[in-house]
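So the structure is just underneath, and the comments pick up after that.
The values are calculated or read from the model by the stated rules, or taken from the named source; none is laboratory data. The structure displayed is predicted, hence computed values, not measured ones. For neighbour counting, all protein chains shown are included, and Cβ atoms are generated from backbone atoms with ideal geometry for every residue, glycine included.
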Amino acid sequence: MLSTLLPEFKIERDDSRCIRCKVCVRQCGFKTHRYDEEDDTICSSEENCVGCQRCAVMCPTNALTIKPHDWGYRPNANWSKDHFRELHRQAESGGVILTGSGNDKPYRIYWDHIVLNASQVTNPSIDPLREPMELRTYLGRKPEKVEYDPVNKKVYADMPPQVMIEVPIIFSALSYGAISYNAWKALLMAAKEAGTLCNTGEGGWPVELREYSNRVIAQCASGRFGVDLDYLNSASIVEIKIGQGAKPGIGGHLPGEKVSSDVSLTRMIPEGTDALSPAPQHDIYSIEDLSMLIYALKEATHYEKPISVKIAAVHNAAAIASGMVRAGADIIAIDGIRGGTGAAPKIIRDNVGIPVELALASVDKRLREEGIRNQASILVAGGFRNSGDIIKAIALGADAVNIKTAALVAMGCTICQKCYTGICNWGICTQDPYLSKRLNPEIAKRRLVNMIRGWSLEIKEMLGGMGINAIESLRGNRHHLRGVGLEQWELDVLGIKGAGM
C-alpha cells in the first residue's frame, strides 16, 4: 500500500558547509541520513525524521537545519494537519496510534494564569542570601496531636513514618525499560546528591542499584513487575499505582522492542514481549479492597514506610482522595492530563483526564473540609516546567511535586514523542546498547542536580519576596495567589481571588 503520509520535518543541508563526515548518518537511529559513496553525497529521507535535532546539534559545521515542513492541506477549521496524519496512519495500519511524552494540546495551563503575591512595606520581604530559607519537606501522615512537657522541655507525639526531602521536588515514575539504564542510574544519583527521591515506576528495580535505597519510591502497579519483599523493603516509600495522567483508566504498556534481557530480568517477564499492565489492580474493586492492600504493604514493610497511592486527575479526584486517606494511605499522588509517558494511545493521552491544578485544589479543599488533611501528604505531577509552576502548586496545597518530562529535557530530551519506538537518539528512552551509551550517567546526573539547585534558589527568592522563610508556611496558603484572565468558575475551583482583589 502506497503511504499517503507527508513528511513532518524538512531537512535543509548547506552543501558548502557539509564536509561528508557522516556524523549525521551515525547519529540518527531512525536512518534518516544515508551516505552515497559513489557520488560522495549525503541524502536524507525526510519521511523518517522525527525532529529530535540530534543530527543538527552534533554536526561539527552546523550544516543542517531541521524544521517543521511547510506543506499543508487545504485550510479547514475542523480538520487540522494532525487530524489528517492520524487518519492516514490508521487507514494504513488499522491499529491504535501510540505516542510518548505528555499532552501537547492547547488546553489552558493554569500556572500561566496565576500570579504570586509580593511583600512590600507592612510585611517586609526576606533576603534569601542573608537569611535562612527552609525548603526541607517531610512526607507521610502527620500525628493527630503533639504534647509538650514543660518540665523536661520535650515534645511527645505518636509519629507515623516520615521521609524527609531537602527540596519539594521528586523525580516522578520513570521505569527502567521505558528509559535506559544510564538514564535511570543518573536519576538515582541525582536524587541522592540533591537529597530528594526517585520513583521506580512500574518497571522494577535493578538489584545492583539497591545502594540508593533511601532515595527511592518503589511502585506496586497492576502488573506487579519486579515486586517482591526485598524490592518493597529496600525503598523509602511504597506507592500503589492506580492510574497516571497520560492514560487514566487504562493499564501500562512497555512495547516488546524495549524489553531487553536486562529489563526482562528486572521485570520478571520474557524478553521481547510487551509488558502490559491490566487496567485495574485485580485485587482492588473498592475502597475496602484498597485498604487491604495498603495494610498488606504496611505489614510487609513492618509499618516502617509511608504508603502512597497514585491516581490520575479526574473530575471526582477529591472524593477518591478522601476515601484513600480513610483507607490508610499516607501520601496521595495526583497525576494531571499533561503528565508524560513512554507509550500511550494518543487518543487517551489527549482527551481523558483534567489539569492537575484543578484536581489539586479540589483535593486539598476536600481534605481540609473533612479535617483529614494532616493524615496524608499530597504529591502532584503533570507538566511542571519551572520553579514558578512548583511554588504555585505548593500554595495550592501540594506538599511536593513530581517532575518527569522536565527531568528528561534536562538530560537532553527534545520531546520528539517517539519514546514508544525504542529508538532514542539521545540515549534516554531506549534499550539499544549503541544508542543508550550516548548518555553519560555522570554528566546527566550533574545536569539534573544543577536543575534542582537552580530551581531551589529561585524558590527561595520567590519565598523571600513574599516575606516567607519556610516552604511549610506557604503550603495551602492561597491568599498568596491571584488569577489573571480566568472565569469565575475557575477561580472558585482553584479557591483563589482575581488579581486586584
- Item | Residues satisfying the stated conditions in region 1-57, i.e. over 17 Å from residue 414 (Cα atoms) and touching a residue at least 60 places away in the same chain (Cβ under 8 Å) | 1, 3, 4, 5, 6, 7
- residue 20 versus (1) surrounded by fewer than 16 Cβ atoms within 10 Å (Cβ to Cβ); (2) out of contact with any strand residue (DSSP E or B) (no Cβ under 8 Å at 6 or more places or on another chain); (3) in a loop (DSSP other than H, G, I, E, B): which is the lone unmet condition? (2)
- Output for region 159-168, where each listed residue is out of contact with any Phe, Trp or Tyr (no Cβ under 6 Å at 6 or more places or on another chain) and under 18 Å from residue 473 (Cβ atoms): 165, 166, 167, 168
- Item | Checklist (1) in a loop (DSSP other than H, G, I, E, B); (2) free of Cβ contacts under 8 Å to residues at least 24 places away in the same chain; (3) of a type in the set (Val, Ile, Thr) applied to residue 409, failing item | (1)
- Is it true that some residue in region 437-454 is within 19 Å of residue 28 (Cβ to Cβ), crowded, with 19+ Cβ neighbours inside 10 Å and not β-branched (Val, Ile, Thr)? yes
- Hits in region 111-134 - residues which are in contact (Cβ under 8 Å) with a residue 12 or more places away in the chain and either out of contact with any strand residue (DSSP E or B) (no Cβ under 8 Å at 6 or more places or on another chain) or basic (Lys, Arg) (or both): 111, 118, 119, 123, 124, 125, 126, 127, 128, 131, 132
- Does residue 320 meet the test of being farther than 21 Å from residue 232 by Cβ, at pLDDT 95 or above and part of a helix (DSSP H, G or I)? yes
- Query: Given 390, 284, which one is part of a helix (DSSP H, G or I), in the same structural domain as residue 418 (by TED's automatic domain parsing) and under 26 Å from residue 216 (Cα atoms)?
  - Reply: 390
- Item | Residue, surrounded by the most Cβ atoms within 10 Å (Cβ to Cβ), within region 48-100, restricted to residues that are part of a helix (DSSP H, G or I), of a type outside the set (Lys, Arg) and touching a helix residue (DSSP H, G or I) at 6+ places or on another chain (Cβ under 6 Å) | 55
- Checked 387, 362 against criteria (farther than 12 Å from residue 168 by Cβ and of a type in the set (S, T, N, Q)); the one match is 362
- Query: Quick one: is residue 401 closer than 23 Å to residue 493 by Cβ, touching a Pro at 6+ places or on another chain (Cβ under 7 Å) and surrounded by 22 or more Cβ atoms within 10 Å (Cβ to Cβ)?
  - Reply: yes
- Note on the structure: Only one of 175, 236, 180, 222 is touching a His at 6+ places or on another chain (Cβ under 8 Å), assigned by TED's automatic domain parsing to the domain that holds residue 457 and either touching a residue at least 60 places away in the same chain (Cβ under 8 Å) or crowded, with 24+ Cβ neighbours inside 10 Å (or both), namely 222
